[in-house]
1. Would you be able to tell me the number of residues in region A:176-218 that are under 30 Å from B:Glu640 (Cβ atoms), modelled with pLDDT of 90 or more and among the polar types (S, T, N, Q)?
2. Inside region A:291-300, can you point out the residues that are within 9 Å of another protein chain (Cβ to nearest Cβ) and buried (at least 17 other Cβ atoms within 10 Å of the Cβ)?
3. Only one of A:Leu368, A:Leu374, A:Leu378, A:Leu346 is in contact (Cβ under 8 Å) with a residue 24 or more places away in the chain, aliphatic (A, V, I, L, M), in contact with a Phe, Trp or Tyr (Cβ under 9 Å, 6 or more places away or on another chain) and within 14 Å of another protein chain (Cβ to nearest Cβ). Can you tell me which?
4. Can you work out which of the residues in region B:419-435 that are in contact with a strand residue (DSSP E or B) (Cβ under 7 Å, 6 or more places away or on another chain) and outside any loop (DSSP other than H, G, I, E, B) is surrounded by the most Cβ atoms within 10 Å (Cβ to Cβ)?
5. Of everything in region B:326-361 that's farther than 25 Å from A:Thr286 by Cα, surrounded by 17 or more Cβ atoms within 10 Å (Cβ to Cβ) and not hydrophobic (A, V, I, L, M, F, W, C), which residue is farthest from the other protein chains (Cβ to nearest Cβ)?
6. Could you grab the pairs with beta carbons closer than 6 Å, sequence gap of 6+ or different chains, first residue in region A:132-146 and over 10 Å from A:Met413 (Cα atoms), second one among the aliphatic types (A, V, I, L, M) and not in a loop (DSSP other than H, G, I, E, B)?
7. Can you confirm whether region B:546-565 contains a residue that is surrounded by fewer than 19 Cβ atoms within 10 Å (Cβ to Cβ), hydroxyl-bearing (Ser, Thr, Tyr) and closer than 16 Å to B:Asp593 by Cβ?
8. Please work out which one of (1) of a type in the set (Val, Ile, Thr); (2) under 28 Å from B:Trp553 (Cβ atoms); (3) without any contact (Cβ under 8 Å) to a residue 12 or more places away in the chain is the condition A:Ile261 fails and give its number.
Amino acid sequence: MEKTILEHGLNLNRRRFLSRLSLGLGSAALGSLLVPDLFSGSSTENDLVTGLPDFAPKAKRIIYLFQNGAPSQLESFDYKPALRRMTGEELPDSVRMGQRLTGMTANQKAFPMVGSFCDFRQYGASGAWISDLFPYTARIVDDICIVRSMYTEAINHDPALTFFQTGAQQGNRPSMGAWLSYGLGSENKNLPAFCVLLSRGIGNGQGVYSKLWTNGFLDSIHQGVQFSNGEDPVLFINDPTGMDRAMRRRMLDNISELNNISYQEFGDAEIATRIRQYELAFRMQTAVPEVMDVSKEPDDVIRLYGPDCMVPGTFAANALLARKLSESGVRFVQLYHQGWDQHGDLPYEITKQAKDVDQASAALVIDLKRRGLLDETLVIWGGEFGRTNYSQGRLTKDNYGRDHHPRCFSIWMAGGGVKPGIVYGETDELGYNIAKDPVHVHDFHATVLHQLGLDHEKLVYKHLGRRYRLTDVAGNVVKDILA
Amino acid sequence: MWKKLESKGVQDNALFAFAVFIAFLILFEGELAIPTWLQPVGRMHAMVVHFPIVLILLAAVLEVVRFYITDESTRFYSVFTKQLLFVGALLSGVTVVMGIFLAREEGYDTQAVVAHKWAGVVVFYSAVLLFAVRDRNWFGVIHARAAAVLLVGCVLVVGHLGGSLTHGENYVWQPIATSFFSSAAAVSVDTLAFDDIVKPILESRCRSCHNPLKNKGNLLLTDSVTMARGGKTGPLFLSGNPEESLILQRIALPLDEKKHMPPSEKPQLTDEEKNILYQWVKSGAPFQRRVTTLPESDSFRLLAIQMLEKGSPSQRQFDFPPAPSETLARLNSNYRVIRPVSRNSPAVAVNVYNHSLYSSSTIEELGAIREQVVTLDLSNMPVADEDIPYIARLRNVRRLNLNFTSVTGSGLARLGALRYLEYLSIAGTSVSYTEVNHLLTSLPALKSLALWETLLTDAEIATLQRDFPHVRILGAREGEIEMIRLNSPRMANKTRVFDDSIILELIHPVRGTEIRYTIDGTEPDSVSSPLYNGRLVLARTTSVKAKAYKKDWISSEVAMLNVYRSAHEPDTAILLSRLNRVHVQKGAPTFFDHELGTFNANSPAWANNWGGVRNNPLALLLRYDVPRTIGQVSLNCLVETETGIFPPEAIEVWGGDSPDDMRLIGRKRIELPSDYQKPYIQLFDCPTDSSDVTYVKILAAPVMKFPAWHRNAGRPALLLVDEILVN
């Protein structure tokens, strides 16, 4: 009897459980009607970015004057009189703190410190110290923000450069310009949103590779387009001999039709991209010559940038071109000036390198300013890391070299809502470690994106099952340098 | 009858289903998409909400009372209360769902909504729980009382939070409270750093606990004196060092940390307020200082101004409606790009491209979005004065770029209608001083005006800047016209190596430059040296020195342009020795390809055109179809002592009629550098004496042991050659 009652109770409970379960499921099902894509498994994340800024941006465009090879901060923007007094003395272990060195100096028996061979002076209302190698930059000191406390994680060129351009050392990630193109779209539909210009000085150089302006896993419409300095600034966009524009148009229409058929069949987004790229290239045929034509630039402009700006392939010419591209709505103009890797013969090489870029860099800022464009254009100048405060190789009275140094280096920024006329961050008196306000590369990226109206934590792209950002999982906006 | 109503199963199930439904909604709240037809349901939240409030309050009172009624009516009370509670719980569930729907709509201050939501959810689940357990045997009078009080408390809290949402905070007390912000509507010379900026924040966020009545942590935040004194834990801040300042550390702690301030249940500081406190401490925590006396780039000053200026026309929140997306799509083209300023902003920016496709209608058509255009970029377009009225009716324009357009001063005068215009660029247009002066008086909101390459002189720009100090007037040349040095002339010839003669092509990139040159090794000057006229023929290896001249420029440095004659190019060249790994290039043809190398050849990327050997001699066999008379063989070499690239120690030339029958026809020892030198490229000659040879063998021996002065003394040097000339 007892057993029967128990059974009955259990049965009741079971029935109750099942009915409750169905009721619960029913409610959940009702609720799920209000959640789109809950069970379909697809994510709407990649649609989050619609090619528009998250908030009204300070800057609309960037011109990045990348100094490839890592210019020495100790001969440019980080004045260290104490280091000069202590030239020849051994680098104290208390300063080095066991930091790893590159294979080029790790086996060096001594690490004699060496101060700058050139003098520094104070300029402008901010009284920033700038070396005599950069007389033109010194004149615009009240328009720029010098960050002396940058640091990075990589110690060799390629990883450091890749880190600076893509936010990761390993490569295959989208580069900064590609992220911006993805996040903001193009202002001018007749030019790529991301253009790359190369030049090189006589200094010891490091190569740059197209992986630095790759779209990574983003749609390939976002990749950087390299402009070369020959007769064809953009390769393969001119009509071949014997083909007129009308014929080219017909050809593109036919190709596009075929591509459309494949697209319908396979649905590969890259096919749609290819169609868009053909169309962009067709429009570039008229837009590019218009932008590249410097023959109408007034004499005043040539004086400003220096006469080298009329010599295609020089840094000065690229700087002028950068202004023209940016003025035409190119979102991100990336310049690389190679030759800053002064392991040896630093005084001679860095003097030449500085001469290559100093006047034109300053000119670009002035040129943008007087056209009323500086406040919406962010200009960035800097390399991938700094250089050691000790000499690599033989230290003589007037010659020395400097090895790679990721722990501190200087860059400057101008315009685009960055506070003008300030110096941010400090290094210790020997110029080896950061003493105040360190800025990591991720922080730099976060700040740059912020100025363009993008929240670096929201600019994400899902790829191979995880979300990617330019700043990976780090980065803080450096608010102190924002106007 | 009561029995019937007691059909508890149905009620139980209904509440259970609701409980699951609400749990589900809360779990997936972030991903809910409320269809438009459901929105009215959400919006009825504020109306329906009053029913469960009343029902639950009433049920709670009855719940306490039911244990005291002992007569016949006990059962009635019990059942009635139960039914009341049921309806109250059910309706509160309905209200919660409605509230969740409503909260998905835009414009709700998240923090306040979250509190209200959770309070509502607590009320619903408490009511459900009470309904479920109230008939259990253990449920006695104490439980009933506690439950009732709790429920009433929750209802009051949720009601208050909801009321704040609808009517705004402090709605009830506002008439008798004073607003601290009202006195500081805009920044003036009298705005004080502490009293007008920092104190109001403390008053709204901290004073409720740190006042003379409550005085938590022995800290008063009522005025500058008590603020400077600090509390139990010590001083509140360290001037100039926000990271070390207690107040900012406490604010920055995670919300769930016990020491986080303000306590998690209290209103928190906004990011802007935190930033202002941070920057205030960083600026040295000025108390009595006037904001305007701080340096112009001081972050605190900028933030303070920003905070106080909210509400001025310059702010970027626009009150006009967005343009219909079809209109935007219709107006958008490859040459007229129209984009919202940011996501969710009604304002748009317009950029116009392609000079040849521009016409008046390009701007005229923008009339359809005249409210929405806030940025218009027409630079380098042939915009004429007739087009200005179309621009002038885009009344919300903040930023206008007319650089290098065809507009003139009379056209620009009509821009006066743009009362929000802040940034105007008219560089490269023909406007005059009086016209700009007039323009500046007619544009009230103008902040920045770019005037470069207009008719205005620098002095006039300076005058304008003095007369209109609130506008940044850009475009004056900073300093004197500078004398700049021209760059050197260049050679445009495709190659510098020739077999017979070469027409030298000298060019200069800057327009209107004169080039003067010499071919005898002397320095060119502007008087006696010949002017390059495009016809300079050279028939031997020559060093041309050229210099560029232009009025108002410093003449260029001398360019040394070498051309090399190589009269006897071999018909075949064979390499007899191994080339250095990095400097293989094209093998033997490298030395006869008319392509010269540059410095820095040590790096593989720069090694172009340099063929090199180390350890073994460079040995080449040349063959001629027709016998030649060879008078000299020259090797063009790079010398870079620092990196160990040395000239050859010796050059030997052998000649003959067959490879097996050769005799020595020339030999030259080369003088080696005796100390470190700057890198240079030099031709090393070896005179030969032969007639009619068909085979020539060239041997160049690299330095096998660096001399003693070199830092690699004893080790072998590298020899690099880019071209071999046979004459």
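The values are calculated or read from the model by the stated rules, or taken from the named source; none is laboratory data. What you see is a predicted model; the values in this text were computed from it and never measured. Positions of Cβ are generated from backbone atoms using ideal geometry, with glycine treated the same way; all protein chains shown enter the neighbour counts.
1. Total meeting the criteria: 1.
2. Of everything in region A:291-300, nothing turns out to be within 9 Å of another protein chain (Cβ to nearest Cβ) and buried (at least 17 other Cβ atoms within 10 Å of the Cβ).
3. Details: A:Leu368 fails: in contact with a Phe, Trp or Tyr (Cβ under 9 Å, 6 or more places away or on another chain); A:Leu374 fails: in contact with a Phe, Trp or Tyr (Cβ under 9 Å, 6 or more places away or on another chain); A:Leu378 fails: within 14 Å of another protein chain (Cβ to nearest Cβ).
Selected residue: A:Leu346, the only one of A:Leu368, A:Leu374, A:Leu378, A:Leu346 that is in contact (Cβ under 8 Å) with a residue 24 or more places away in the chain, aliphatic (A, V, I, L, M), in contact with a Phe, Trp or Tyr (Cβ under 9 Å, 6 or more places away or on another chain) and within 14 Å of another protein chain (Cβ to nearest Cβ).
4. Looking at the filtered set, the residue picked out is B:Ser425.
5. Top of the filtered list is B:Pro346.
6. Listed pairs, sorted by first residue: A:Leu133/A:Ala354; A:Phe134/A:Ala354; A:Tyr136/A:Ala362; A:Thr137/A:Ala362; A:Ala138/A:Ile130; A:Ile140/A:Ala362; A:Ile140/A:Val365; A:Val141/A:Ala128.
7. For region B:546-565, residues surrounded by fewer than 19 Cβ atoms within 10 Å (Cβ to Cβ), hydroxyl-bearing (Ser, Thr, Tyr) and closer than 16 Å to B:Asp593 by Cβ: absent.
8. (2)
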